[in-house]
1. DSSP loop (so not H, G, I, E, B), at most 15 other Cβ within 10 Å: list which trypsin sites (Lys or Arg not before Pro) in the stretch 201-274 pass both filters.
2. For the stretch 6-56, what class follows from the C-alpha gyration tensor (a ≥ b ≥ c being the square roots of its eigenvalues): rounded when a/c is under 1.5, otherwise prolate if a/b is larger than b/c, else oblate?
3. Between A209 and E251, what is 0.36 nm times their sequence separation minus the Cα-Cα distance? Round to one decimal in nm.
4. Under a 5 Å amide H to amide H cut-off, with H placed in plane at 1.01 Å, what residues pair with R267 once short-range neighbours are removed?
5. Name the shape class, rounded, prolate or oblate, that the alpha-carbon gyration tensor gives for the stretch 237-299, where a ≥ b ≥ c are the square roots of its eigenvalues, rounded holds for a/c under 1.5, and otherwise prolate holds if a/b is larger than b/c and oblate otherwise.
6. What pairs in K107/K270; K98/K298; K97/K196; K87/K298; K87/K107 have C-alpha atoms more than 22 Å from each other?
7. Counting alpha carbon pairs within less than 8 Å and at least 6 residues apart, what relative contact order, in whole percent, applies to the stretch 6-56?
8. Taking θ = phi - 60°, what integer Hz values does the Karplus form 6.51 cos²θ - 1.76 cosθ + 1.60 yield along the stretch 191-197, in sequence order, with x for Gly and Pro?
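Please treat every number below as a calculation from the coordinates, not as lab data. Computed from a predicted structure; not experimentally measured. No Cβ is skipped: glycine too gets one built from the backbone with ideal geometry, and neighbour counts run over all protein chains shown.
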Amino acid sequence: MPRENEREFISIIYNKKNDSPKYIELNKSKLLLFVVGLPTLTLIALALGVIGLVHTSPFHLIDTYRQNSLAREAVSKTNELVAQLQKAEDEKTSMSKKLAEMDTELKKAQDEVLMATGDVAREKAPAIIEKPLEKTADKTAGDKCPKAPVCPTDTTASVVNTIGLSTLSFFRPVQGQKDRTRPATLTLSGFKVETKRDTINLLFNIIPATLGEGKLAGHIVAIMKNELGIQVYPQSALNVQGTQISFTSGEPFATQRFRPVDAAFLRPRKAGNYTFNVYIFAKNGDLLHYQSVILPVKL
C-alpha cells in the first residue's frame, strides 16, 4: 500500500560489510533542521560571542577610559573658565568702585575750586566799592586821614587787588603787603608730577612776563593738599615759631629769563587728584603770583 506524503521522507539504504543492508527513512524537515538549523544557530552564537568579546575587550576598556579622561578634562577646563569669569567680574566691580571714588574726589576738588572762586568774588566786591568811599572821605575829612604805614600815599596803590591776598590764610601777615599779581609780572608753565621712591615732586617753570626788565627775585612756597591732609614745600617752612608760614621760609630764587622749580613733598599713601597751590613772593613780601592746579598723583 502506497504511503501518503512520500515526498516528505528521504530513504537511505545503509550497507555495511559483513552486515545486511539497512534501510533508513528520514523526515525531510528533521534533516533540514540538522543540516541548516544547527549551523545557523552556531553562527548566531559565534556572532553574539564576538560582539560580547568586543565590548569587554581591553581595547574597548582603553577607549572608554580615554573618553572619560577627555570628559574630565573638558569639565576641568569649564570650571577654570567659570573661575576666570568670576575673577574678571570681581575685578570689574572693584575697578567700577575705584572709578566712582575717583569721580567723587574729582568732583570734590572741583567744588573746592568753585568755592574758592566764589570767595574771591565776594572779597573782590567790597574792594571795588571801597574806592569811591575813600574818595568821599578824602573830600570831607581833608587832612584827617592818619599817616600810618598801611595808608597808601598814591592813588595807584590805593586800589589793591585782593584776588591773591585773599588766599594767604596759611601765611603770617606782612604789614603793607601788596598784591602785584595784576598786571602779571611772571607766568608759571610746564606743571607735572613725578613719583619717586620717597617723594612726590611738583615740577614747573617760572618765566618773567616781560623779558629784559631786570632780575626778578623772591621766595617760592608750594602747598599740596587733598582730603587726607596738607604738605608744604619747603618742609622747613613749618618749623618756624608759630602756626603760620613766613614767606621768607620759602625757596629763594632770582631769574631774568627762566627758572625751573622742583618742589618735593613726602610721598602720600593714597593716589588720586591733588591740589597744588603755588605762591611767589617778592623780597619785601608782596605777592607776585598765585596759581592753583589739580594734578593726578600715581603711586
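1. Within the stretch 201-274, the qualifying trypsin sites (Lys or Arg not before Pro) (loop, at most 15 other Cβ atoms within 10 Å) are K215, R257, R269, K270.
2. It comes out oblate by the Cα gyration axes.
3. This chain segment gains 13.1 nm when fully extended.
4. Here T199, I200 satisfy the definition.
5. It is oblate, given that a/c is not under 1.5 and a/b is not larger than b/c.
6. The pairs that break the limit, which is 22 Å between Cα atoms, are K97/K196; K87/K298; K87/K107.
7. Reported relative contact order: 26 percent.
8. Using θ = phi - 60°, the values come out as 5, 7, 10, 10, 9, 10, 5 Hz.
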